[in-house]
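So the structure is just underneath, and the comments pick up after that.
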Amino acid sequence: QEIAIGGENVSAERTLILVKPDGVARGLSGTILARVEAKGYSLVDLKLVHATREILEAHYAGHVGKPFYEPLVEFMLSGPVLAAVFEGERVIEGFRSLAGSTEPTTAAPGTIRGDLGRDWGLKVQQNLVHGSDSPESAEKEISIWFS
Ligand code: IDP
């Protein structure tokens, strides 16, 4: 097995991270990427995308029918999204811990959402970032955003 810098092998876990339109519009893309890199994860791929409804229907298929689904899709269509693939041992869990809980008002201080986000009185939580929640989701989401 090949050993890379940091001691990880080439099959280290990957995750799909999105800086959502609120994060891009607020000029927080660089700050957010820097925080993920500072935790020690490696950037593997990166692009600014104006998502299509097709991409979002695939990405959020698990949320169809929920009251926030349509506002969520509209929000994600409202501006460009920064899509990134990061790699590292337990990066899926590590990024979700760094991102903080879904609701930015109560996300723990020290997390991306807790430090940089808040409620805006809207139907959807504009919470700056998305991170895959399992290896299966990561594989699916990376193929959706980087096909
Ligand atoms: P996560 O992004 O913290 O994993 P999910 O439950 O996967 O949260 O929900 C996807 C996205 O949908 C959230 O990041 C948030 O933007 C939005 N969302 C989730 N639950 C609610 C809600 O109860 N009200 C409004 N928006 C929500």
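A Cβ-based charge dipole, computed about the Cα centre of the chain with Lys and Arg at +1 and Asp and Glu at -1, lands at about 480 debye. The gain in end-to-end length when the T105 to K66 segment is fully stretched comes to 11.9 nm, 0.36 nm per residue minus the alpha carbon separation.
Around the amide H of V81, modelled in the peptide plane, lie the amide H atoms of V49, H50, A51, all under 5 Å away and 5 or more residues distant in sequence or on another chain. Net charge in the neighbourhood of D133 (other residues with Cβ under 14 Å of its Cβ; Lys, Arg +1, Asp, Glu -1) is -1. Here the 3J(HN,Hα) profile of region 126-143, calculated from phi with Karplus coefficients 6.51, -1.76 and 1.60 at θ = phi - 60°, is 8, 10, 6, 9, 10, x, 3, 9, 7, x, 5, 4, 4, 4, 5, 5, 4, 6 Hz, Gly and Pro shown as x.
Selection among Y69, G40, A58 by position relative to the dipole of the chain gives Y69 as farthest towards the positive end (Cβ unit charges, Cα centre). Peptides 102-108, 89-95 ranked from most to least packed give 89-95, 102-108, packing being the mean of other C-beta atoms within 10 angstrom over each peptide's residues.
Quick note: the coordinates plus some simple rules give every number you see, no bench work behind them. This one's a predicted model, so the numbers in the text were calculated from it and none came from an experiment. Note that we place each Cβ from the backbone using ideal geometry, even for glycine, and neighbour counts take in every protein chain shown.
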